[in-house]
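Since the structure comes first, as structure tokens, the remarks are kept for the end.
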Amino acid sequence: MSLIKKSKDKIVNFEFNKEYIKVITEKISANDSTFINNSFKEMHPADAADIIEHLSQDDRENLIKLNNFKIDPSIFIEINEAIQTEITKYLSNESIVYILKNLDSDDAIKILENLDEKNKNEILSSLPPKDRFVLLESLSYPEDSAARIMQRQFTAIPSNWSVGQTIDYLRENRDLPEEFLEIFIVDNEFKPIGTVPSSKVLRTPRDAKMISITNETQFLIPVDMDREEVGRMFENYNLNSACVVDKNNKLVGMITNDDVLTVLAEEAEEDALRLAGVGDEEITDGILTKTKRRFNWLLLNLFTAFLATWVISLFGATIEQMVALAFLMPIVASMGGNAGMQTLAVTVRAIATNDLTENNFTQTILKEFSIGILNGIIFAIISAVIVQLWFQDVILSLIISISMVLNMIVAGFFGILIPISLKKFKVDPAIASSVFVTTITDVIGFLSFLGIGAYFFY
């Protein structure tokens, strides 16, 4: 069953249709731009973007170069960022200017920042002076700042206006955003005083002053605030929108919850990829690009693997005496590594959300220590029973039990200590923590297991 419904004049698809992509591909080959234009007009922009993303690179290029085909800005902004960059290579500067002029400033910035400097400057010079000034100012701020995700289009009115004046202004002014939930109330210096929901304006008598219905509880976001901090603010206080202010506390833009949702999704994806050591990798990236991004961490992992191997080599005589130790070594290392990664994932998330503070640091360490002991004891018993049934050797069962408890404790301890230490040295814990945690658990696991084995057998 295809899940399709009509939303205003757009058809919204909730189920991906491979057959339709095949049809689009055939229409591209036939140079039927009329069919494609009409089809995209009927679709929700996100669905049209989805189809473009699932075309082959050659088909995307042919689509963009079709006569009489002009990609809609609302569709373009929904396309995956990596594919956007690819498509801009096929677009003329005039087409890019057209797209930018028909997007909100925050969306326009996303496109601009992915262009090379030459094209960026050419396109900026082709924009109207007002638009160029706005975009250049936004580009002057750090990439991960609030200024990069804020909208310059917002609705603000003086505090001394009446409700009637406000309604007339909203009806008559063509430069206002088409949709807005909140109206910002400002003083004579354009500093925000508070907000008024648009619904409240409609339900208040015309002669009432706007200041009388203003919600003075407001959240001011500095232009240079990190976008992750912005996301946490929206999440903590359940905000629909918030005003962005410059260093003089003057209103310069606003951030809405849909902007924040995008940021939170991007940050979550980024942290997940970094924990795996692949950085900001996209599925559309080329072989050489992907190889280069993964190489450094794989190289570091190789050296740490040699370190673990060196530890094993110190106990060669012990392994020769009791070959069963060699069979059981991966068990201890694997359990410690997995336990460490569990703690690491929880810790990195806690750091990202500011849940881990100086006040609860000691308590968190003790909690992970206790978890390590408890899991260590449980899995030590399970491992000892299996080893006893397998090898019929009490001492061997005892060795794996003791080393299992030690390694689980170490895994929990370093799983939280390493990311915190990296954070202190201003290194992103999501990037480097996994390699170090894996190395430590391997080394400690082998050292404890083989060291205890040497005590009993050598």
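The values are calculated or read from the model by the stated rules, or taken from the named source; none is laboratory data. Since the model is a prediction, treat every value here as computed from it, not as a measurement. All Cβ positions, glycine included, derive from the backbone under ideal geometry; neighbour counts span all protein chains shown.
Table for the structure above
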{"item": "Positions within the stretch 348-371 being surrounded by fewer than 16 Cβ atoms within 10 Å (Cβ to Cβ) and among the β-branched types (Val, Ile, Thr), in sequence order", "result": "Thr353, Thr357, Thr362, Ile365"}
{"item": "Residues satisfying the stated conditions in the stretch 397-428, i.e. aromatic (Phe, Trp, Tyr) and touching a residue at least 12 places away in the same chain (Cβ under 8 Å)", "result": "Phe413, Phe414"}
{"item": "Residue check, Glu61 closer than 19 Å to Ile79 by Cα, modelled with pLDDT of 90 or more and outside any strand (DSSP E or B)", "result": "yes"}
{"item": "Hits in the stretch 74-97 - residues which are surrounded by 15 or more Cβ atoms within 10 Å (Cβ to Cβ) and hydroxyl-bearing (Ser, Thr, Tyr)", "result": "Ser74, Thr85, Thr88, Ser95"}
{"item": "Any strands (runs of 3 or more DSSP E) falling wholly within the stretch 169-236 and containing at least 2 residues that are free of Cβ contacts under 8 Å to residues at least 60 places away in the same chain", "result": "182-186, 192-197"}
{"item": "Flag for Glu267 being under 19 Å from the mean Cα position of the chain (by Cα), buried (at least 16 other Cβ atoms within 10 Å of the Cβ), closer than 27 Å to Asn80 by Cβ and among the acidic types (Asp, Glu)", "result": "yes"}
{"item": "Conditions (1) touching a helix residue (DSSP H, G or I) at 6+ places or on another chain (Cβ under 6 Å); (2) modelled with pLDDT of 90 or more; number of the one not met by Ser212", "result": "(1)"}
